[in-house]
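**Q** Here's a structure for you.
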Amino acid sequence: MASRRGGRDTSPDPSADEQKPKRPGNRQSRSCRVCRIRKVKCDRVKPCQACCAHGHPSKCVYDLALSDEDFHPVSQSDEIRNLRTELKGLRDKLQRRGEYAPAINRLAELERLFTAIRSAPPSVVERLIWQIRSTKGGHGRHDEGSFGASAGDRAWPPLGNVDDSDDESHFDFNAGQWSSGGYNQYNAYGPLSYFPSERPALDVFVERFVDAFSPEVDSSSGHAGALRAAADIRMFSPMISSAFEAVSLTFFGRTTRDPRIEASGMRRYTPVLRNLQDALRDPERSRAESTLVTVTLLLAFESIERTSQAGVTAHAIGAVRLLQHRGPENHMFGVEHLLFTELRPYWVGAALVLRKPSFFNEEAWKTIPWSAGTSTKDILHHLLDLAVEIPGLLGEADNLKAIEPTTPPDDGDLQVKREQLWERIADLTQRMQQWKKDWVDSYPAGPPREVDFQTDDDDNQFPIFHCRDLRTMQIVRPPTIIYPDLRLAQSMCVYSAYRVILSTIDNRPEGSVTLAEKYQLGCDIARSLECYIRRSPGNMVNRLALPVRVAWEVFPERGIEREFIKAVFVLVGQRHSLRLWGSSMPELSTRAGSP
């Protein structure tokens, strides 16, 4: 008999159990791993908003388990792709209706302008910017092909001399954005001078910077996608976004020789630097992906602006310390992996300037960042695995030199330390020479070749290198070294530079590098510059900054060889708008006691 309480039947109803849906025993996690650990709400997007807000978008991982439900987190890239498809559909629908022809024409005009500013040479960009800033609101319209098409029919003043005080729409250099005095629903589709917000202009500046510092290249040129990947995630981090805007405005102003745009970027630089300093003091933010990206961007900023002689090295050394703080396990995936691996020559260069044992020489830093298979080591990284030993040898040599004046010449301990150092130098030298045999002499695309000279053209003049024939001491024009690709050219220049740096402490009685061999290594760098600089896209020329500075120090003062290097400094500094090169880069010196 069914039990009753207060006249109500409380016995279990078998049919109710059948109607209640059964939860699977092994459900798939709908929240990402980080949100579950933090016990916060996850929006189930990959990367989710919470991970982006904390500066770790690459750590947003969903644990998958067996389940009857087919749940998959939404990918940000898929979401963007879907939005673009939807936008294209809406644009096609509007075009079919024919009701918004001015809007369609305006969109097409802006897209052409965006493409032109990204890819056009500086002289053409100057004309475009002049046209944008000098157009009077409401006084006629541009022809369909006005920008660029009729450039030769008008006298275009330099950007720095344009008087736009009476323009109704111009770039506000104090605010760092486009403003429009007469903007309304009618003239919104009018001349190019009317930008409804700052975003289109700033995006153009960012894309221009990314194209220069992170050009799209294949593996034979060396990977260069780190900053481009960082730009793709700037929407998730206000600090990254602000850093990109500051650096991009400064670079654009330098490129177009417009001091007002450059000054606008400089004004944005100080708050970014202050925000970065606050992040570095915070235990959690200091390990965030956004902090590493910002440090790297400010290193690029210093190569453009060179705010002080110690600016580049200070940022590079700061980046190295940040890498150590983060640990090798945090550079296995995503943007963090790209920033470590692509810029590894810079990090090793900073360690060489410090002349102290480096954590990069630890086995974990040679293996863990590649352990997930995100990328594989190529010819240059195998050389860097050897080069990370040089800073420790430099520091050991400095220590011996410091105690020698106060130690008797026949002191046994001093002699043992000196011989141990010589043995390590000889061993590393032998392994570097073996690297050259294994990787360069049998390079799949072919080894380097010598040619009498490369063809000069009127638009791309390059300084001519002369040196001395050490047998006759006559000044000669040696053959130019050409390479099948840029990666081999970079690797060989870096190899010669490392050999020279190591030779500065190689004072073995027998087997040491002679002055003639050191001079030849410097000449090899100089003879390789034309091939690399002519062919390197964007500002990838920065990858030879350390080798060029090392070659400068090899050659005698006031010699014809240094005149060539000086001309290269000037050429790159002007052509690529890099004040670091224009300064001859004394801060990159690896000599003891250098700035």
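The values are calculated or read from the model by the stated rules, or taken from the named source; none is laboratory data. Remember, it's a predicted structure, so these values are computed and weren't measured experimentally. Virtual Cβ from ideal backbone geometry, glycine too; neighbours counted across all protein chains shown.
**Q** Filter region 500-512 down to residues that are within 38 Å of the chain's Cα centre (by Cα) and within 21 Å of residue 417 (Cβ to Cβ), then give me how many there are.
**A** We begin by selecting, within region 500-512, every residue within 38 Å of the chain's Cα centre (by Cα); these are 500-507, 512.
Keeping just the survivors that are within 21 Å of residue 417 (Cβ to Cβ) gives 501-507, 512.
Of the residues in that region, 8 qualify.
**Q** Every residue in region 242-274 that is free of Cβ contacts under 8 Å to residues at least 12 places away in the same chain and among the β-branched types (Val, Ile, Thr), please. If you could, list the steps in order and put the result at the bottom.
**A** As a first pass, look at region 242-274 and keep what is free of Cβ contacts under 8 Å to residues at least 12 places away in the same chain: 270, 274.
Correct list: 270 only.
**Q** Looking at 314, 310, 230, which one is of a type in the set (Gly, Ala, Ser) and either more than 26 Å from residue 541 (Cα to Cα) or buried (at least 22 other Cβ atoms within 10 Å of the Cβ) (or both)?
**A** Values: 314 fails: either more than 26 Å from residue 541 (Cα to Cα) or buried (at least 22 other Cβ atoms within 10 Å of the Cβ) (or both); 310 fails: either more than 26 Å from residue 541 (Cα to Cα) or buried (at least 22 other Cβ atoms within 10 Å of the Cβ) (or both).
Selected residue: 230, the only one of 314, 310, 230 that is of a type in the set (Gly, Ala, Ser) and either more than 26 Å from residue 541 (Cα to Cα) or buried (at least 22 other Cβ atoms within 10 Å of the Cβ) (or both).
**Q** Still on this structure: With (1) aliphatic (A, V, I, L, M); (2) under 22 Å from residue 336 (Cα atoms); (3) in contact with a Ser or Thr (Cβ under 9 Å, 6 or more places away or on another chain); (4) modelled with pLDDT of 90 or more as the list, and residue 247 as the residue in question, which single condition is left unmet?
**A** Condition (3) is where residue 247 drops out.
**Q** Right, another one. How many residues does region 386-396 hold that are part of a helix (DSSP H, G or I) and crowded, with 20+ Cβ neighbours inside 10 Å? Break it down stepwise before answering.
**A** Applying the first criterion (part of a helix (DSSP H, G or I)) to region 386-396 yields 386-387, 390-396.
Keeping just the survivors that are crowded, with 20+ Cβ neighbours inside 10 Å gives 387, 390-391, 394, 396.
Total satisfying the criteria: 5.
**Q** May I pose another question? Evaluate region 473-485: report whether one residue or more is in a helix (DSSP H, G or I), among the basic types (Lys, Arg), assigned by TED's automatic domain parsing to the domain that holds residue 511 and touching a Phe, Trp or Tyr at 6+ places or on another chain (Cβ under 9 Å).
**A** Residues of region 473-485 that are in a helix (DSSP H, G or I), as a first pass: none.
No; the residues of region 473-485 include none that is in a helix (DSSP H, G or I), among the basic types (Lys, Arg), assigned by TED's automatic domain parsing to the domain that holds residue 511 and touching a Phe, Trp or Tyr at 6+ places or on another chain (Cβ under 9 Å).
**Q** Being among the polar types (S, T, N, Q), assigned to a helix (DSSP H, G or I) and crowded, with 23+ Cβ neighbours inside 10 Å is true for just one of 490, 520. Which residue is that? Steps first, answer last, please.
**A** On the way: 520 fails: crowded, with 23+ Cβ neighbours inside 10 Å.
490 is the lone residue from the list that is among the polar types (S, T, N, Q), assigned to a helix (DSSP H, G or I) and crowded, with 23+ Cβ neighbours inside 10 Å.
**Q** Something else: Tell me the residue from 248, 264 that is assigned by TED's automatic domain parsing to the domain that holds residue 324 and either surrounded by fewer than 18 Cβ atoms within 10 Å (Cβ to Cβ) or within 13 Å of the chain's Cα centre (by Cα) (or both), please.
**A** 248
**Q** Output the qualifying pairs, or none if there are none: Cβ atoms under 7 angstrom, residues six or more apart or on different chains, first residue in region 548-564 and without any contact (Cβ under 8 Å) to a residue 12 or more places away in the chain, second residue in a helix (DSSP H, G or I).
**A** 562/552
**Q** Is it the case that region 493-505 has a residue that's under 23 Å from residue 217 (Cα atoms), modelled with pLDDT of 95 or more, in contact with a Pro (Cβ under 7 Å, 6 or more places away or on another chain) and of a type outside the set (A, V, I, L, M)?
**A** Yes, there is a match, as at least one residue in region 493-505 is under 23 Å from residue 217 (Cα atoms), modelled with pLDDT of 95 or more, in contact with a Pro (Cβ under 7 Å, 6 or more places away or on another chain) and of a type outside the set (A, V, I, L, M).
**Q** Quickly run through region 275-296 and pick out the residues that are within 17 Å of the chain's Cα centre (by Cα) and touching a residue at least 60 places away in the same chain (Cβ under 8 Å).
**A** Residues satisfying the conditions are 289, 290, 291, 293, 296.
**Q** Also, quick follow-up: From 512, 528, grab the single residue that is of a type in the set (Gly, Ala, Ser), touching a Phe, Trp or Tyr at 6+ places or on another chain (Cβ under 8 Å) and farther than 30 Å from residue 206 by Cβ. Break it down stepwise before answering.
**A** Working: 512 fails: touching a Phe, Trp or Tyr at 6+ places or on another chain (Cβ under 8 Å).
Criteria check complete, one pass: 528.
**Q** Just to be sure, is residue 577 in contact (Cβ under 8 Å) with a residue 40 or more places away in the chain, small (Gly, Ala, Ser) and under 23 Å from residue 351 (Cα atoms)?
**A** No: the conditions fail for residue 577.
**Q** Examine region 355-378 for a residue that is within 21 Å of residue 542 (Cα to Cα) and part of a helix (DSSP H, G or I), and state whether such a residue exists.
**A** Looking for residues that are within 21 Å of residue 542 (Cα to Cα) and part of a helix (DSSP H, G or I), one finds none in region 355-378, hence no.
**Q** Select from region 569-584 the residues that are surrounded by 23 or more Cβ atoms within 10 Å (Cβ to Cβ) and within 16 Å of residue 553 (Cβ to Cβ) and list them in ascending order.
**A** 581
**Q** Sticking with this one: Could you please let me know if residue 526 is surrounded by 21 or more Cβ atoms within 10 Å (Cβ to Cβ), touching a strand residue (DSSP E or B) at 6+ places or on another chain (Cβ under 8 Å) and modelled with pLDDT of 95 or more?
**A** Details: surrounded by 21 or more Cβ atoms within 10 Å (Cβ to Cβ): yes; touching a strand residue (DSSP E or B) at 6+ places or on another chain (Cβ under 8 Å): yes; modelled with pLDDT of 95 or more: yes.
Answer is yes for this residue.
**Q** A further question on this structure: Looking at residue 307 and the list (1) part of a helix (DSSP H, G or I); (2) closer than 30 Å to residue 532 by Cβ; (3) of a type in the set (Ser, Thr, Tyr), which single condition is not satisfied?
**A** (1)
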